[in-house]
Amino acid sequence: VRGKKGGAGRRSSSPSSSSCGSSSLALPPGSMGWPYVGETFQLYSSKNPNVFFARKRNKYGPIFKTHILGCPCVMVSSPEAARFVLVTQAHLFKPTFPASKERMLGPQAIFFQQGDYHAHLRRLVSRAFSPESIRGSVPAIEAIALRSLRSWDGLQVNTFQEMKTYALNVALLSIFGEEEMQYIEELKQCYLTLEKGYNSMPVNLPGTLFHKAMKARKRLGAIVAHIISARRERERQRGSDLLGSFMDDREALTDAQIADNAIGVIFAARDTTASVLTWMVKFLGDNPAVLKAVTAEHEEIAREKELSGEPLSWADTRRMRVTSRVIQETMRVASILSFTFREAVEDVEYQGYLIPKGWKVLPLFRNIHHNPDHFPCPEKFDPSRFEVAPKPNTFMPFGNGTHSCPGNELAKLEMLVLCHHLATKYRWSTSKSESGVQFGPFALPLNGLPVSFTRKDDA
Ligand code: HEM
């Protein structure tokens, strides 16, 4: 890795290596900005963080240093460097979140962990969201999708808000199954209060959003504990849902660990999936030829379903190849998680540069997904580019390595199911929608994409 210009720091041409003992190594090229504030202002004044990242990358190359939000950082935007941080040397880079976020989600949630406890949780989460576990839930997800779509009939809706409702309902189904319906409304209400405080100032005084959020968090913990004890009484511990996986006697998780992780999964599953679905509606609306191909794919499946009278099945979703490529391209172009955060747990050498202990390290997913060397004309929405598999480590919408997304199969499944009914039954127009992007923190079409959906059989 070498800085394109001004990459004066590099002192050795050794291959990637880790865990260095040498203080003679140079820091990556880049600028640390002003004392205290660093380059925070430059990052936020650009409105779009990607403008800042792209400018830096052009100036310094794929690994550069900066200083934002009070933290010295190294940003990496080559597939090799991202793999080094997230996969091959993942033990040297721990996940890092502000303390207030940890308190809110629950300190024992999977995102904040490393080592044995992380591996244990990951096994439990991964088995609950594996294709074998989720394949039977297609009819239930289909029912949720149909309910959502019916509620939009003929209305102008905020697409993102509606997709959040859909994604929340699917997340609750996958975590708690279909048996806990009497708790679901209260769970939802508490989760919505928690969410409002998520980006608030962490001031725990009565009346503040943060205080309300912490109260809602406590109540959520109590509801989950109640569901757990009710299940124990019913002796139904090992279901195929996430709670069943966590409650498996052999796994010995405490109620608090289960609650932190159940709530954490709602958080991980909801806005992410909703943002991608919102972009999918936008890109399909903006690209009539692609929408036509998607609709043809789904109409064929729908005709067969009508003849057999069967609900949609897992096998049907495996045949949605055009739509799967649309989802991939949507995730590439939109790159809703522009980057992720890690922190070096010790001094690390990467290709002759020093990444000092305690510095934040940010793999820039979006820059990698928009690199014309790997994706020609990167701003163009062209699902056909995924007819050929992308080069290794150049496409990671679900992250990479030890903390990569264990919910990716569920996320894709719920997008395919919703798209099936959207494409066959509805029409919508994005021609008047604004083309800007907002970040909050995920990349999203401006104002959440207000759109009117009308049933094709009404027209
Ligand atoms: C399209 C939707 C989604 C996207 C784009 C997405 C993306 C990601 C990414 C990039 C990561 C890794 C973050 C990092 O390395 O710092 C991640 C982690 C995670 N995701 Fe997803 N995700 C989505 C949906 C879901 C769903 C539906 C679930 C659960 C049902 C889920 C559960 C998780 C969990 C638990 C983690 C943390 C894993 C760990 O720390 O070991 N995600 N996701």
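Look at where the Cα atoms of region 377-456 and of region 45-108 average out, and the two centres are 23 Å apart. Identify, among Ala26, Phe453, Gly358, the residue whose Cα sits farthest towards the positive end of the charge dipole of the chain, taking +1 on the Cβ of Lys and Arg and -1 on the Cβ of Asp and Glu, with the dipole about the Cα centre. Looking along the dipole axis, the top candidate is Ala26. With all protein chains kept in place, the per residue accessible area of the chain amounts to 45 square angstrom at a probe of 1.4 angstrom. In this Cβ point-charge picture (+1 for Lys and Arg, -1 for Asp and Glu), region 304-459 has a dipole of about 280 debye about its Cα centre. Figure note: Thr165, Thr278 ranked by solvent-accessible area, largest first, 1.4 Å probe, ligands and nucleic acids not counted: Thr165, Thr278. Taking label positions 7 Å along the Cα-Cβ direction at both Ala143 and Lys456, the computed distance is 2.6 nm, reported to one decimal. Our summary of shape: the Cα atoms of the chain have principal axis extents of 70, 54, 42 Å, ordered from largest down, in whole angstrom.
All C-alpha to C-alpha distances of region 118-226, sorted into 5 Å bins beginning at zero, yield P(r) values of 2, 10, 15, 17, 18, 18, 12, 6, 2, 0 percent in whole numbers. For Lys59, go through the lysines and keep the ones whose alpha-carbon is under 19 Å away, minus same-chain ones fewer than eight residues off. Lys59 reaches Lys4, Lys5. Along the axis of the charge dipole computed for the chain (Cβ charges of +1 for Lys and Arg, -1 for Asp and Glu, origin at the Cα centre), the listed residues Tyr117, Ser78, Ser384 are led at the positive end by Ser78. Overall, the accessible surface of the chain at a probe of 1.4 angstrom is composed of carbon and sulfur to the extent of 55 percent.
For the chain, the 222 nm mean residue ellipticity estimated from helices alone, with every DSSP H stretch of n ≥ 4 adding -39500 (n - 2.57) and the total spread over all residues, rounds to -15500 deg cm²/dmol.
Using 0.36 nm per residue and subtracting the Cα-Cα separation, the extra length available between Arg122 and Ala389 on full extension is 93.4 nm. The slack between Glu186 and Asp286, meaning 0.36 nm per residue of separation minus the straight C-alpha distance, is 32.2 nm. In summary, the convex hull built on the alpha carbon positions of region 169-280 has an orientation-averaged projected area of 7.9 nm². For Val437, the solvent-accessible surface with a 1.4 Å probe is about 70 Å², rounded to the nearest 10.
The DSSP beta bridges internal to the chain are antiparallel in roughly 80% of cases.
A Förster distance of 41 Å, applied to the separation of the beta-carbon atoms of Trp314 and Leu155, puts the FRET efficiency at 0.85.
Charge dipole (Cα centre; +1 on Lys/Arg Cβ, -1 on Asp/Glu Cβ; no other charges) of the chain amounts to roughly 1520 debye.
The alpha-carbon atoms of region 306-459 define a convex hull whose volume equals 159 cubic angstrom per residue. Given the pairs Lys188/Lys218; Lys101/Lys360; Lys292/Lys456; Lys360/Lys412; Lys56/Lys357; Lys164/Lys360, which are separated by over 20 angstrom at their Cα positions? Beyond 20 Å: Lys360/Lys412; Lys56/Lys357; Lys164/Lys360.
Between the residues Met214, Ala262, Gly136, the greatest Cα displacement towards the positive end of the dipole of region 113-262, with unit charges on the Cβ of Lys, Arg, Asp and Glu, is found for Met214.
The values are calculated or read from the model by the stated rules, or taken from the named source; none is laboratory data. Computed from a predicted structure; not experimentally measured. No Cβ is skipped: glycine too gets one built from the backbone with ideal geometry, and neighbour counts run over all protein chains shown. Surface areas here come from the heavy atoms of the whole protein model, side chains and all, with no ligands, DNA or RNA. Shrake-Rupley method; radii C 1.70, N 1.55, O 1.52, S 1.80 Å.
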